[in-house]
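What follows draws every value from the coordinates through simple rules; no lab data is involved. Just so you know, these numbers come straight off a predicted model, no measurement behind them. With ideal geometry, Cβ positions are generated from the backbone for all residues, glycine too; neighbour counts draw on all protein chains shown.
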Amino acid sequence: MDADIKSTALNGKNIYYFFFLILSTALGFWMVFFSKDFDGIGFFSKFFIAVVTTFGGFVGFVSGDIVRRFVMPDFVFSTGFFDLLKTRLFWMCGPQLIGLFIGLLVSGSFLENSSFFEKEEMERPKLEFTEAERQLAIKLSKGISSVLPTDFKSKTMTIYTAGNNSVVGLSVGSGDDYFFGDSVNVNNGSTCQAYEPLNPQITGQLYYFARMDCKAEIKILGNKIFVSDLNQCGYCGLNATLEGEYTSLAEIEFDYSSGSPTIKDVRRAQ
C-alpha cells in the first residue's frame, strides 16, 4: 500500500513538472518567434534560441520550486476565504512561476545580445525626391550654405521644413553640433535667423543652445524635430518665429576643399 501511495505521488509530481515544461516551451517559442527583438535571425537560429530559452525557463522553475520548499511556512493565517485562497495559490505555484519567467528572460536576453547570431539588417526602402522637393531642397541648401560662418566644420546638415515658411538646418552627432534657422512672416515681412552651436543633453534626442542666456531646446523624434523657447532669445522680429514642429526634407553634404563649406551633394533625408 505504501508503494502505491509513493507511486501515485511520483506520478502526480511528474505531471506537475511536465505541465511546467510545456508552459516553459510555449512561452520560450512565443518569445523568440513572435517578438521583434529576434527579427533578422534565421529560422534554425531562432529554433535553437527557443530551445535554450525553454531550458533556461525550466531551470528557473526548478530553482523556484526548491526555494518554495525551503521557505514555505508550515502554517498560514488568513482573514477570510479569499485571503486563504490567494495564499495557498501563491505557495502552490508562485515561486515556480517567478523562477520560470526569470529563467526565460535571462536566457533569451543573453542569446539576443550575444555575438553568436548575427542579425540581418532589414533593408529599408530608399526615399527619393519628387521634382518639387528636389528644387526646394537645392534652393534651401544654397541659401543655408551662403550664410554659414567660417567656424562651421560639419560634413553634413539635415534640412527640416515647417508649414509657416520656416526652415531649420541641424547638424548633430559629429562632435560639432549646430543649429541654423530661417523664418519669414509673410504678413509683415519680419524675420528670424539664428545660427548657434548646440550642447547635447541626450545625444541624438535633446539639445540646448550653448549660450547660457538662451533657454531654447531642440528635441529629435525620428524624422521630426521640435523647437521650443526660442522666441525669447532675441532672433525674431514681430510675430516671426522659429518655434514649432519640423519634418526632415534633405541632407546636405559639404565639401571643404576650398577652405569654406560648399555643397557637394543634396539627397533625400532618410
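Annotations
- Taking 0.36 nm per residue of sequence separation and removing the Cα-Cα distance, the GLU245/PHE43 pair yields an extension gain of 68.5 nm.
- Under the Karplus curve 6.51 cos²θ - 1.76 cosθ + 1.60, θ = phi - 60°, whole-Hz ³J(HN,Hα) for region 251-256, x wherever Gly or Pro sits: 10, 9, 10, 9, 10, 10
- Seen from all directions on average, region 131-268 presents a Cα convex hull projection of 8.1 nm².
- Region 54-68 - phi-based ³J(HN,Hα) in whole Hz, Karplus 6.51/-1.76/1.60, Gly and Pro as x: 4, 4, x, x, 5, 4, x, 4, 4, 4, x, 5, 5, 4, 4
- If only the Cβ of Lys and Arg carry +1 and only the Cβ of Asp and Glu carry -1, the dipole of region 131-268 around its Cα centre is close to 200 debye.
- Dipole magnitude of region 125-170 about its Cα centre (Cβ charges: Lys, Arg +1; Asp, Glu -1), debye to nearest 20: 140 debye
- Pairs exceeding a 26 Å alpha-carbon distance, out of LYS215/LYS264; LYS153/LYS215; LYS142/LYS215; LYS153/LYS219; LYS46/LYS86: LYS215/LYS264; LYS142/LYS215; LYS46/LYS86.
- Dipole of region 131-268 [Lys/Arg +1, Asp/Glu -1 at C-beta], most positive-end residue of TYR208, VAL184, ALA250: ALA250
- J(HN,Hα) series, region 147-158, from Karplus relation 6.51 cos²θ - 1.76 cosθ + 1.60, nearest Hz, glycine and proline x: 10, 5, x, 5, 7, 6, 10, 6, 7, 9, 8, 9
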